[in-house]
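**Student:** Before I ask anything, here is the structure I am working with.
The values are calculated or read from the model by the stated rules, or taken from the named source; none is laboratory data. Because the structure is predicted, anything quoted here is derived from the model rather than measured. Backbone-built Cβ (ideal geometry, glycine too); neighbour counts: all protein chains shown.
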Amino acid sequence: MKILFATSEMHPVIKTGGLADVSGGLPNAYAALEHDVRVVLPGYQAVWEKLHDVHKIAEFDIDSCGKRHQVAIKQAAAKGTDAILWIVDIPDLFDRPGNPYLANDGSDWWDNGERFGVFSQVAAELAMDHRGLNWKADLVQANDWQTGLVPAYLSEQLERPSTIFTIHNMAYQGQFPHALFSALRLPWHWWQAEGGVEFHGQMSMLKAGIEMADQVTTVSPTYAREITWPEFAYGLEGVLQRKANEGRLSGIINGIDENVWNPETDPYLPRQYSAAKGRVAARKLNKTELLNRFGWHESEVDLDVPVVGMVGRLVWQKGIDLVTQLIPQILATENVIFAIVGSGDKEFQDALQQLAIQYPKRVLLFLGYSEELAHLVEGGSDMFLMPSRFEPCGLNQIYSLKYGTLPIVHHTGGLADTVVNATEDNIADGSATGFVFYDPSIHALKSTLQHALYLFGKKRTWQAIQKQGMQQAFGWQESATQYLKLIQ
């Protein structure tokens with residue numbers, strides 16, 4: 001099939017979160033299955049340095065919001081991706097500093113609605129081959145609110161491609177005033193609550209994708225169920241329940257890029273290893289290196305002291321408030337080290353900095369993001385903490401399984417779908433891969449961590465759980481096959 005994958009970010013070209021990892025991995029898997037894949041991506045200022053073999057393949061104008069935009073479609077390649085990239089170069093909308101959605105001061109770009117509305121229109125025209133590229137899509141996969149209008153535009157076309165709309169996080173809905181709906185000159189019959197884009201008097205680009213795509217997917221089976229409940233649906237539970245009843249809502253777990261996240265080949269690890277070879281000895285060397293990076297002298301390192309790692313955004317969704325409560329309670333009774341890498345809300349950054357000052361050898365903190373440290377935390381910690389209140393899929397728990405770093409997770413979304421709790425029965429039958437708590441409370445998190453610390457002292461049991469987790473298959477091929485089955 002000819003597949004057009006529409007996205008607002010893609011690793012390794014531009015990344016702010018998990019959507020970029022999916023956009024980097026899934027098109028590669030489609031290509032490996034011998035499909036003809038194009039990824040269409042906005043031409044942000046920051047992308048050009050990551051591209052090569054860039055050349056213009058189309059040029060035209062688009063009228064939108066009272067302006068005429070000059071559009072150039074540039075075909076390119078990038079290291080790490082097998083798909084052909086089609087970059088939508090609209091200088092008026094995308095040639096600016098900052099990340100894809102935010103200005104340098106951290107505020108949303110004032111014209112985000114116009115930016116991604118126009119981008120979606122262009123993507124739909126490319127899918128239909130309206131710009132003379134002699135390539136018409138059989139399948140279009142759009143992702144999150146930034147491309148929610150792509151299936152909507154295509155719904156108006158005759159002999160159109162099949163469409164999948166994938167929700168990566170319901171919390172971001174792309175809501176804009178009716179004035180933008182009018183300025184984009186969208187069809188008047190879309191302005192309705194039932195089957196349209198209207199949502200409490202505003203236009204929701206996320207709702208547009210949900211309502212008008214042939215199939216709606218999200219990034220784990222559990223999250224697909226959760227988003228039909230009011231507490232996870234952000235007001236769209238009725239729409240999603242209807243889609244589920246029609247058999248048009250499903251969850252497909254994300255894969256991981258095993259060329260990037262693989263302890264057998266990871267260049268960031270001092271010592272590589274696998275489930276079958278060198279796991280125990282190599283992880284000790286990586287653990288020593290991890291502690292050295294945070295200021296421990298080698299003579300101070302006691303490898304019997306467990307290290308609990310954490311990498312990610314320091315925000316409420318991720319349960320960071322539970323972590324800041326947990327650390328002093330655990331350190332009062334247990335000999336354990338926390339190694340945390342991330343950035344986020346100032347209040348959580350400040351709280352963690354205070355804990356790092358209070359416990360200088362027990363709370364190791366790096367504020368910011370370091371790819372090298374992220375890999376070293378996975379390859380050198382003994383456990384990995386993910387107490388997210390909700391988590392559509394999550395990738396770090398999958399990395400942790402792959403690296404033999406036992407995840408401690410809240411039973412939600414993709415965390416529930418990927419980690420098998422280390423109960424007595426699951427340990428006995430060899431299915432356990434980590435630790436799960438079922439209530440997002442400090443009490444539940446603390447007792448689960450204490451259970452993990454107890455089992456850490458039982459080396460044979462611990463190593464058996466490690467090995468089981470490392471043997472799980474989380475490549476992108478299975479995910480790609482499931483997406484294609486929805487259409488075929």
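**Student:** So Ser343 fits all but one of (1) assigned to a helix (DSSP H, G or I); (2) within 22 Å of Gly106 (Cα to Cα); (3) polar (S, T, N, Q); what number is the exception?
**Tutor:** Of (1) assigned to a helix (DSSP H, G or I); (2) within 22 Å of Gly106 (Cα to Cα); (3) polar (S, T, N, Q), only one is false for Ser343: (1).
**Student:** Being free of Cβ contacts under 8 Å to residues at least 12 places away in the same chain and surrounded by 16 or more Cβ atoms within 10 Å (Cβ to Cβ) is true for just one of Ala351, Ala356. Which residue is that?
**Tutor:** Ala356
Each row is one residue, and each column tells you yes or no for (1) hydrophobic (A, V, I, L, M, F, W, C); (2) more than 22 Å from the chain's Cα centre (by Cα).
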{"residue": "Gly235", "(1), (2)": "no, yes"}
{"residue": "Val239", "(1), (2)": "yes, yes"}
{"residue": "Ala244", "(1), (2)": "yes, yes"}
{"residue": "Val260", "(1), (2)": "yes, no"}
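Residue-wise test of (1) more than 23 Å from Gly17 (Cβ to Cβ); (2) out of contact with any strand residue (DSSP E or B) (no Cβ under 6 Å at 6 or more places or on another chain); (3) not assigned by TED's automatic domain parsing to the domain that holds Asn143.
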{"position": "Ser220", "(1), (2), (3)": "no, no, no"}
{"position": "Glu226", "(1), (2), (3)": "no, yes, no"}
{"position": "Phe232", "(1), (2), (3)": "no, yes, no"}
{"position": "Gly238", "(1), (2), (3)": "yes, yes, no"}
{"position": "Gln241", "(1), (2), (3)": "yes, yes, no"}
{"position": "Trp261", "(1), (2), (3)": "no, yes, yes"}
{"position": "Pro270", "(1), (2), (3)": "yes, yes, yes"}
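**Student:** Read through the list (1) at negative phi; (2) touching a residue at least 40 places away in the same chain (Cβ under 8 Å), then give the number of the only condition that Val305 fails.
**Tutor:** Exception for Val305: condition (2).
**Student:** For the condition modelled with pLDDT of 95 or more and over 18 Å from Leu373 (Cβ atoms), what is the one hit in Glu264, Glu289?
**Tutor:** Glu264
**Student:** Hey, another quick one. Quickly run through the stretch 366-404 and pick out the residues that are β-branched (Val, Ile, Thr) and under 24 Å from Ile167 (Cβ atoms).
**Tutor:** Ile398
**Student:** Suppose we filter Trp109, Trp145 for residues that are touching a helix residue (DSSP H, G or I) at 6+ places or on another chain (Cβ under 8 Å), among the hydrophobic types (A, V, I, L, M, F, W, C), assigned by TED's automatic domain parsing to the domain that holds Trp86 and within 26 Å of Gly413 (Cα to Cα); which single one remains?
**Tutor:** Trp145 is the lone residue from the list that is touching a helix residue (DSSP H, G or I) at 6+ places or on another chain (Cβ under 8 Å), among the hydrophobic types (A, V, I, L, M, F, W, C), assigned by TED's automatic domain parsing to the domain that holds Trp86 and within 26 Å of Gly413 (Cα to Cα).
**Student:** Would you call Asn104 without any contact (Cβ under 8 Å) to a residue 40 or more places away in the chain, farther than 17 Å from Val22 by Cβ and touching a Pro at 6+ places or on another chain (Cβ under 7 Å)?
**Tutor:** So Asn104 fits the description; yes.
**Student:** Can you find a residue that is within 30 Å of Ser250 (Cα to Cα) and either surrounded by 22 or more Cβ atoms within 10 Å (Cβ to Cβ) or not aromatic (Phe, Trp, Tyr) (or both) anywhere in the stretch 445-460?
**Tutor:** Yes, there is a match, as at least one residue in the stretch 445-460 is within 30 Å of Ser250 (Cα to Cα) and either surrounded by 22 or more Cβ atoms within 10 Å (Cβ to Cβ) or not aromatic (Phe, Trp, Tyr) (or both).
**Student:** Within the stretch 1-14, how many residues turn out to be part of a strand (DSSP E or B), over 18 Å from Tyr369 (Cβ atoms) and under 20 Å from the mean Cα position of the chain (by Cα)?
**Tutor:** Counting residues in the stretch 1-14 that are part of a strand (DSSP E or B), over 18 Å from Tyr369 (Cβ atoms) and under 20 Å from the mean Cα position of the chain (by Cα) gives 3.
**Student:** Quick test of your reading of the structure: Ala179 fulfils all but one of (1) more than 16 Å from Val40 (Cβ to Cβ); (2) in a loop (DSSP other than H, G, I, E, B); (3) over 24 Å from the mean Cα position of the chain (by Cα). Name the failing condition by number.
**Tutor:** If we test Ala179 against (1) more than 16 Å from Val40 (Cβ to Cβ); (2) in a loop (DSSP other than H, G, I, E, B); (3) over 24 Å from the mean Cα position of the chain (by Cα), just (2) comes out false.
**Student:** Please go through the stretch 44-91 and give me each residue that is acidic (Asp, Glu), within 17 Å of Glu125 (Cβ to Cβ) and surrounded by fewer than 18 Cβ atoms within 10 Å (Cβ to Cβ), ordered by number.
**Tutor:** Glu59, Asp61, Asp63 - these are the residues of the stretch 44-91 that are acidic (Asp, Glu), within 17 Å of Glu125 (Cβ to Cβ) and surrounded by fewer than 18 Cβ atoms within 10 Å (Cβ to Cβ).
**Student:** Quick check on my filter: what residues within the stretch 98-156 are surrounded by 15 or more Cβ atoms within 10 Å (Cβ to Cβ), more than 30 Å from Asp345 (Cα to Cα) and modelled with pLDDT under 95?
**Tutor:** The answer is Arg131, and nothing else.
**Student:** Scan the stretch 364-417 residue by residue and report those that are touching a Gly at 6+ places or on another chain (Cβ under 8 Å), among the small types (Gly, Ala, Ser) and on the phi < 0 side of the Ramachandran plot.
**Tutor:** The answer is Gly380, Ser381, Ser388, Ser400, Gly414.
**Student:** Filter the stretch 252-288 down to the residues that are among the basic types (Lys, Arg) and either free of Cβ contacts under 8 Å to residues at least 60 places away in the same chain or buried (at least 21 other Cβ atoms within 10 Å of the Cβ) (or both) and list them by number.
**Tutor:** Passing the criteria: Arg271, Lys277, Arg283, Lys284, Lys287.
**Student:** Give, as residue ranges, the strands (runs of 3 or more DSSP E) completely inside the stretch 15-87 that count at least 2 residues that are of a type outside the set (Lys, Arg) and modelled with pLDDT under 95.
**Tutor:** The qualifying strands (runs of 3 or more DSSP E) are 51-64.
**Student:** Identify the single condition in (1) more than 21 Å from the chain's Cα centre (by Cα); (2) not in a strand (DSSP E or B) that Ala374 does not satisfy, given that it satisfies every other one.
**Tutor:** Condition (1) is where Ala374 drops out.
**Student:** Sort through Gly209, Gly195 and tell me the only one that's among the small types (Gly, Ala, Ser), in the same structural domain as Leu236 (by TED's automatic domain parsing) and outside any loop (DSSP other than H, G, I, E, B).
**Tutor:** From the options Gly209, Gly195, the qualifying one is Gly209.
**Student:** I need the full set of residues from the stretch 212-224 which are in a loop (DSSP other than H, G, I, E, B) and farther than 20 Å from Gln121 by Cβ, in order please.
**Tutor:** Within the stretch 212-224, Val219, Ser220 qualify.
**Student:** Would you confirm, using the coordinates I've provided, whether Ile408 is β-branched (Val, Ile, Thr), surrounded by 17 or more Cβ atoms within 10 Å (Cβ to Cβ), touching a residue at least 60 places away in the same chain (Cβ under 8 Å) and within 19 Å of Asn169 (Cα to Cα)?
**Tutor:** no
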